[in-house]
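Step one of this worksheet: look at the structure below.
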Amino acid sequence: MRKPMSFLTRSTAAAILGGTVLFLCQPAYSAAILEGERMHPVEARNGMVVTSHFLATQSALEVLEQGGNAIDAAVTAAFSLAVTQPRSGNIGGGGFMLLSSEQKDEVVAIDYREKAPSKATFDMFLDEKGDADSNRSRFSHLAAGVPGTVAGLALALEKYGTISLQQAIAPAIKLAEEGFIVTPRFSKGLKEREKRLKKWDSSTKIFYKADGGYYEPGDLFVQKELADTLKRISAHGIKEFYEGKTAELLVAEMKKHGGLISMDDMKNYSPVIRKPVQGAYRGYDIFSMSPPSSGGAHVVQILNILEGYDIGGSGHNSAQTIHLMAEAMKRAYADRSKYLGDEDFVQVPLKGITSKKYADQLRKEINLEKATASKTIAPGAPQPYESNETTHFSIVDKYGNAVSNTYTINFSYGSGIVVDGAGFLLNNEMDDFSSKPGVPNAYGLLGGEANKVEANKRMLSSMSPTIVKKDGKNFLVTGSPGGSRIITTTLQVIMNVIDHGLNIKSAVAAPRIHHQWLPDEIRIEEGLSPDTIQGLEEKGHKVVRKSSMGAIQSIMVKDGMMYGGADPRRSTALAAGM
Ligand code: GLY
């Protein structure tokens, strides 16, 4: 049996765990700037890993300690999360990796988003009456896009890594084969999603005991089928996943239940290296994810609008600051609904959306004192200068590389369907397409023609892995899960650091707000004062308090030190450095 956390005996600093284990070690280095702060990030000088699961952090940190770089550690973390956090870590899904390579002096975005199968059609999720059938797009075999994770991680390793795929998968195989101790969060998640998972025998046998009972905190959770799949990939490379036995098992699953993914779809899948969206905010350079994600475009667009105000002077989470943020967010999400989609299929006016000039124009529509009703906001006209459950981790190494990776199977446990014999869950990412223009998806996001279902197309995402640089050096590495809230969560951590001067732990932990144009409401977390809420209501905003948003695992690099901020919204998240 693996001994959780036994690695944290040296100078590594760590603090976590919803009641399971608590380790508080002496930080390796102290930094005077943090004296007297209310919250403290983990501090280190030679490498930092922040993931949503302590065992993935452990696997990745070991790679850094053995001299591997951030990309090696990232691929190791991603495979480990696929074992320890099956609700979102995945090999049956896809995602985006933004990486800054010191050696190659470039920031690139690896797009390993799932693709629609070649037999997908624009009306595949419409019922006989022409209405969107969300059961089909979320909980059937039709919901799955062709998985991209294995190919994307392998590409990252091949181009930017220094270890072999076998080395990167080894810790994941061990975790799957020998098992790991169930945490309260893991146990609770499976209880909450029992209905979805128990619809399928292939899922039931993995996630529930032989008598149908629950895994409780403290139990050992072993995944033999997944271990075998990972061993096959380790032995034969990604070809095995896309053309070998794993592909055959996935396609057999499709054939048995009316899914569309074929052997050709698997064989033809390839990840793409893209140019990140780039912007500038108060002297910092922002690099974030390009389409098929809307994340980078709108993080930059909202920052551009807000740059015209004295946000720092208005104060953190004051009514005035939140008012301005909400007004900027509304306009960005309205544009998202019309213009964003897979750039391989549609022209996205990216330059226009992210231009300072367009932001100036949108800012003129914002009333400093009164909320603009969303129904009066239409998608704008950016100049055509040219055409809930996801998981994020951030890693930096001593060589100057940084990785910001967000990947997903969409919902918690994706479609709920495990590929029989292969032991991993299928994504339900097809629901991120607009099944019917004007009908919201699971996150209440509206989409248009640009994001309609088409064969081999990538569905629009909000995932926003982001790297912020100052004077050419990595400054902030951040990103989050959270569906439509990903963009605004990422935005707020950037603002909390740049505008409000918070350290990275405080920036990550601070209460968040969100507006996505429709519904016309500001969603808030607990922690805003009643008079802030009253101030917003007096300006005409509807304010609703809902559950927490995002889980943003972030790193700040400053003056030769690395500061890790794990999001307290995830009880298993861990920042650890060396
Ligand atoms: N599935 C959520 C997203 O990609 O935005």
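Applying the condition of being closer than 13 Å to P465 by Cα and not hydroxyl-bearing (S, T, Y) to region 276-291 and asking which residue is surrounded by the most Cβ atoms within 10 Å (Cβ to Cβ) yields M289. Scanning region 403-431 for residues that are within 15 Å of the ligand (Cβ to nearest atom) and among the aliphatic types (A, V, I, L, M) returns I409, L425, L426, M430.
Suppose the filter is part of a helix (DSSP H, G or I), within 16 Å of the ligand (Cβ to nearest atom), modelled with pLDDT of 95 or more and among the hydrophobic types (A, V, I, L, M, F, W, C); does L491 pass it? In short, yes.
Within region 459-485, being among the aliphatic types (A, V, I, L, M) and not in a loop (DSSP other than H, G, I, E, B) holds for I467, V468, L476, V477.
With the requirement that a residue be in contact with a helix residue (DSSP H, G or I) (Cβ under 7 Å, 6 or more places away or on another chain) and acidic (D, E), what does region 499-538 give you? Scanning region 499-538 gives D499, D520. Say we look at region 439-458 and pick out the residues that are part of a loop (DSSP other than H, G, I, E, B) and of a type in the set (D, E, K, R); which of these is surrounded by the most Cβ atoms within 10 Å (Cβ to Cβ)? Going through the qualifying residues, I end up with K457.
None of G483, G535, G527, G501 is within 16 Å of the ligand (Cβ to nearest atom) and either more than 20 Å from the chain's Cα centre (by Cα) or at positive phi (or both) except G483. Here the condition is being among the hydroxyl-bearing types (S, T, Y) and modelled with pLDDT under 95; of Y333, Y309, Y413, Y385, it holds for Y385 alone. Of all the listed residues (E158, E114, E177), the sole one being surrounded by 24 or more Cβ atoms within 10 Å (Cβ to Cβ), of a type in the set (D, E, K, R) and within 29 Å of E240 (Cβ to Cβ) is E114.
Kindly indicate whether M325 is within 23 Å of the chain's Cα centre (by Cα), crowded, with 18+ Cβ neighbours inside 10 Å and in a helix (DSSP H, G or I). Answer is yes for this residue. Filtered by the rule that a residue be in a strand (DSSP E or B) and within 13 Å of the ligand (Cβ to nearest atom), region 286-302 gives a lone residue, S293.
Contact map, region 42-63: residues that are over 19 Å from I552 (Cα atoms) paired with residues that are part of a helix (DSSP H, G or I) and of a type in the set (A, V, I, L, M), Cβ distance under 7 Å, separation 6+ or inter-chain. Pairs shown: S59/A77; V63/A73. Here G95 meets each of (1) in a strand (DSSP E or B); (2) surrounded by fewer than 24 Cβ atoms within 10 Å (Cβ to Cβ); (3) not β-branched (V, I, T) with one exception, condition (2). Considering region 432-460, the residues that are within 25 Å of W517 (Cα to Cα) and small (G, A, S) include one that is nearest to the ligand (Cβ to nearest atom), namely A442.
For region 124-170, name all the residues that are of a type in the set (V, I, T) and under 19 Å from G67 (Cα atoms). Once the filter is applied, which keeps residues that are of a type in the set (V, I, T) and under 19 Å from G67 (Cα atoms), region 124-170 yields T162, I163, I169.
Residues of region 552-577 that are of a type in the set (A, V, I, L, M) and crowded, with 24+ Cβ neighbours inside 10 Å: I552, I555, M556, M562, A566, A573, L574, A575, A576. Would you be able to tell me the number of residues in region 388-410 that are buried (at least 24 other Cβ atoms within 10 Å of the Cβ) and either closer than 21 Å to K115 by Cα or at pLDDT below 95 (or both)? Qualifying residue count for the region: 9.
Taking the residues in region 461-476 that are aliphatic (A, V, I, L, M) and either surrounded by fewer than 20 Cβ atoms within 10 Å (Cβ to Cβ) or in contact with a Ser or Thr (Cβ under 6 Å, 6 or more places away or on another chain) (or both) as candidates, determine which candidate is farthest from D105 (Cα to Cα). Result: M463. Of the residues making up region 334-352, those that are in a helix (DSSP H, G or I) and either more than 22 Å from the chain's Cα centre (by Cα) or hydroxyl-bearing (S, T, Y) (or both) are S337, K338, Y339, K351, G352. Of all residue pairs spaced 6 or more apart or on separate chains, those with beta-carbon atoms under 6 Å, a first member in region 411-436 that is within 23 Å of D123 (Cβ to Cβ) and a second member that is within 12 Å of the ligand (Cβ to nearest atom) and among the aromatic types (F, W, Y) are N428/F411.
Return the residues of region 175-189 that are within 21 Å of F79 (Cβ to Cβ), within 25 Å of the chain's Cα centre (by Cα) and assigned to a helix (DSSP H, G or I); say none if nothing qualifies. Hits for region 175-189 are L175, A176, R185, F186, G189. The residue of region 226-267 that is surrounded by the fewest Cβ atoms within 10 Å (Cβ to Cβ), among those that are in a helix (DSSP H, G or I) and in contact with a strand residue (DSSP E or B) (Cβ under 8 Å, 6 or more places away or on another chain), is M266.
The values are calculated or read from the model by the stated rules, or taken from the named source; none is laboratory data. As the structure is a prediction and not an experimental result, all values here were calculated from the model. Glycine also receives a Cβ, built like all others from the backbone with ideal geometry; neighbour counts cover every protein chain displayed.
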